[in-house]
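Each remark here refers to the structure printed beneath this line.
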Amino acid sequence: MTEYVMPWGMALFEALVVTHVITGAVGLTAFWGPIVTKKGSGRHRKWGKAACYGFLGAGSLAIAMALLSLYGPEARHPEVTDRALFDGLFGWMMLYLGTLTIGFVDYGLAVVKHSRNRRALRAIRYQAMIAAVVVSGAWCGIYGAQVGHPLMVLVAVIGIVSMLIQQAYIWRPGDPPRTTYHGEHFRALIGMGISAYTAFLSVGLIRYVPEHVFNPAIWAGPSVIGVSLILYFTLKAKRASAPRPSGVRPHPQQIGDGLVKRQ
């Protein structure tokens, strides 16, 4: 029996979908700009801002659509007949991925803004965002385990571990090297792309190819590419910041023996 759908509700949902697609397309396209441009350059910042604004919009709209999916009829997605699975994919997981995307954007920009004062990240405003990601991720994982959807558990674990890594940087007792925030910035904004592409492939794409809803390649692809980029930029940053050898220095006893001049 088909459940009655209120016209205004459908109109609202479709408007959210269209706007979500537009903002998501901006973010997904602009995401690659900061990766291929020189770090710190004007073009790097412009592409980065476009990606962040696009993902902030897409993440916010994803949360709104998730709430409508959870508390509205499932007729919007006829390809899913299991209500529990519907709530998991289009409700709790979409809600979590939207929150995770916003959390990554927020942290990635904040570590640059507060690069000289890491303790500013301990403010309630930032801690509340991290807590929201952890709580939504924990429920996504629990719900995924209940409905037998291990991939929901996997994406939840990845996000929660990422938040714990952020907290380790924020609350570490000693002052890290001055350029440590570079790595945090890279990881957060690449994580932003991972969560957005995962949401696009696992939630949006199945509207057109529902038979691939459980395809591990679709779910794992963004994470594999994203983690590879994180490792690449982390190693690159470490090589750039490593002290370079300054050549052979004379032994102190050699100075003054007529062979080595004093500086």
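Provide the FRET efficiency to the nearest 0.05 for the GLN127-ASP175 pair, computing r from the beta carbons and using R0 = 30 Å.
E(calc), rounded to 0.05, equals 0.90.
Points 7 angstrom from Cα along the Cβ direction at ALA120 and ARG45: gap in nanometres?
For ALA120 paired with ARG45, the spin-label model returns 1.5 nm.
Once phi is turned into θ = phi - 60°, what whole-Hz ³J(HN,Hα) does the Karplus curve with 6.51, -1.76 and 1.60 give for every residue of region 20-37, x standing for Gly and Pro?
4, 5, 5, 5, x, 5, 4, x, 5, 7, 5, 3, 7, x, x, 6, 8, 9
Count charges around LEU109 for me, please; just the other residues with Cβ under 12 Å from its Cβ, Lys/Arg as +1, Asp/Glu as -1.
Counting the neighbours of LEU109, the net charge comes to +1.
For MET94, MET129, which order do you get if you count the other beta carbons within 10 Å of each Cβ and list the fewest first?
MET129, MET94
Each value in this text was obtained by applying a stated rule to the coordinates, not by laboratory testing. Just so it is clear, the model here is predicted, and its values are computed rather than measured. Using ideal geometry, Cβ is built from the backbone for each residue, glycine included, and neighbour counts are taken over all protein chains shown.
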